[in-house]
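Please read the structure below before turning to the comments.
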Amino acid sequence: MLKIKTIENIRLNSQLALKPDYLIHPTVSGNKFRKLKYNLETALLENYKGILTFGGAYSNHIAATAAAGQELKIPTVGVIRGEELISQIDSNPTLRYAKSCGMHLEFVSRSAYKSKTDPVYLEQLLITFKDHYVIPEGGTNELAIKGCEEILTEKDHSFDIICCAVGTGGTIAGLINGSLPTQKIIGFPALKGHFIKQDICKFATQSNWELCEDYHFGGYAKVDSKLINFMNEFKSTYNIPLDPVYTAKMMYGIFEGIRSGEIPKRAKVLAIHTGGLQGIDGMNLRLKQKNLEEII
Ligand SMILES: *Cc1c(COP(=O)(O)O)cnc(C)c1O
């Protein structure tokens, strides 16, 4: 299996520490490693012929799955949203990287992609990709949550509040299940929409959590100059890079929460850095096209 590197929390100031989970593996980053771990183990144990999963053009999950497949020598298939992207493999850092890891990229129309959880559609895909182990978009399933339950360790019991970025909700569900009932887990959704709460409830075994929905910056993968400035300042100050889709929005929200007092001054806070740094290059290409400030 893939090896996890041991990491220590980094203290940012008297109140706030950061868990650099993005450093647990050189290519299979952060929470995507956690979510893949038991899924890959199962696929290998049960002799599946490959891994098939889904994602968009800049997906951290696609990049992580491709890298993991290369290292474990198991074939991977990425079903990618958007047929037009087939001509952009070489100009898109994520797709180029996934391909260089040996991932087979299967481009489908946006309407076909919408059927990504439909059993009939999956059956059809598995006719082409026989005996492949299917992992849903974003990597969230029961085994993924089991993996995310391992993010927090006993050493983290001293924190009052644990913060993470939220996409599909799998990571926060694992954190909730792995936390003490006296701790509070605060999730910062990176996208608009209220369906996330129900998804978290499906998997969470405790109710010591809440969502702070004020810091999606307009929606998934949307950024503005305030956020980019914040990321660059954060990197200059702490020498820690943030990703523009998830961790930057979480960290911005934490700083605002501390400043406003919504996060009490006496509360000890742990922010989980879930990774996603492969997304910086793709975001910078888009910022450059729009003549906007880039991520350093
Ligand atoms: C995918 C991702 C998330 C969101 O994880 P979910 O389990 O989908 O909520 C958070 N941070 C980073 C860096 C990610 O890549």
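Nothing in this text is a laboratory measurement; each read-out follows from the coordinates by a stated rule. Keep in mind the model is a prediction, meaning the values are calculated, not measured. Heads up, the Cβs are rebuilt from the backbone with ideal geometry, glycines too, and the neighbour counts pull from every protein chain shown.
Approximating the spin labels as points 7 Å out from Cα along Cα→Cβ, the Leu285-to-Lys192 distance works out to 2.6 nm. Between Leu126 and Arg259, the simple spin-label model (points 7 angstrom out along Cα→Cβ) gives 5.0 nm.
To the nearest 10 degrees, how steeply does helix 30-45 sit against the main Cα axis of the chain, on a 0 to 90 scale? The helix 30-45 is inclined about 40 degrees to the chain.
Let me know the charge dipole size of the chain about its Cα centre in debye, to the nearest 20, where only the beta-carbon of Lys, Arg (+1) and Asp, Glu (-1) is charged.
On the way: 34 positive and 31 negative charges, 62 e Å.
With only Lys, Arg, Asp and Glu charged at Cβ, the dipole is about 300 debye.
For Cys163, the residues whose modelled amide H falls within less than 5 Å of its own, excluding neighbours fewer than 5 places apart on the same chain, are Ile186, Leu270, Ala271, Ile272. Largest mean-square fluctuation among Cys148, Cys212, Cys164, in a Gaussian network model of the chain whose springs join Cα atoms under 10 Å apart, belongs to Cys212. Here the Karplus curve 6.51 cos²θ - 1.76 cosθ + 1.60, taken at θ = phi - 60°, turns the phi angles of the range 160-167 into couplings of 8, 10, 10, 10, 8, 7, 10, x Hz, with x standing for Gly and Pro.
Residues whose amide H lies under 5 Å from that of Leu105, counting only those 5 or more places away or on a different chain, are Gly78; hydrogens are built 1.01 Å from N in the peptide plane.
Each residue of the range 260-275 was assigned a 3J(HN,Hα) from its phi angle through the Karplus curve 6.51 cos²θ - 1.76 cosθ + 1.60 (θ = phi - 60°); the sequence is 7, x, 4, 9, x, 4, 7, 7, 8, 10, 10, 9, 8, 8, 7, x Hz, with glycine and proline shown as x. When the chain is treated as a GNM with alpha-carbon contacts under 10 Å, the residue of Lys35, Lys184, Lys222 showing the greatest mean-square fluctuation is Lys222. For the pair the range 168-232 / the range 49-85, the C-alpha centres are spaced 24 Å from each other. Over the chain, dividing the summed -39,500 (n - 2.57) contributions of all DSSP H runs of at least 4 residues by the number of residues returns a 222 nm mean residue ellipticity of -11500 deg cm²/dmol.
For Lys184, the shell of other residues with beta-carbons less than 14 Å away shows a net charge of -2, using +1 for Lys and Arg and -1 for Asp and Glu.
Quick one: of Lys35/Lys288; Lys32/Lys73; Lys73/Lys114, which pairs are farther than 26 Å apart, Cα to Cα? Pairs exceeding the cut-off: Lys35/Lys288; Lys73/Lys114. Fully extending the segment from Asn13 to Ser115 would add 32.1 nm, taking 0.36 nm per residue of separation and subtracting the current Cα-Cα distance.
Here the Karplus curve 6.51 cos²θ - 1.76 cosθ + 1.60, taken at θ = phi - 60°, turns the phi angles of the range 125-132 into couplings of 4, 6, 5, 6, 10, 4, 6, 8 Hz, with x standing for Gly and Pro.
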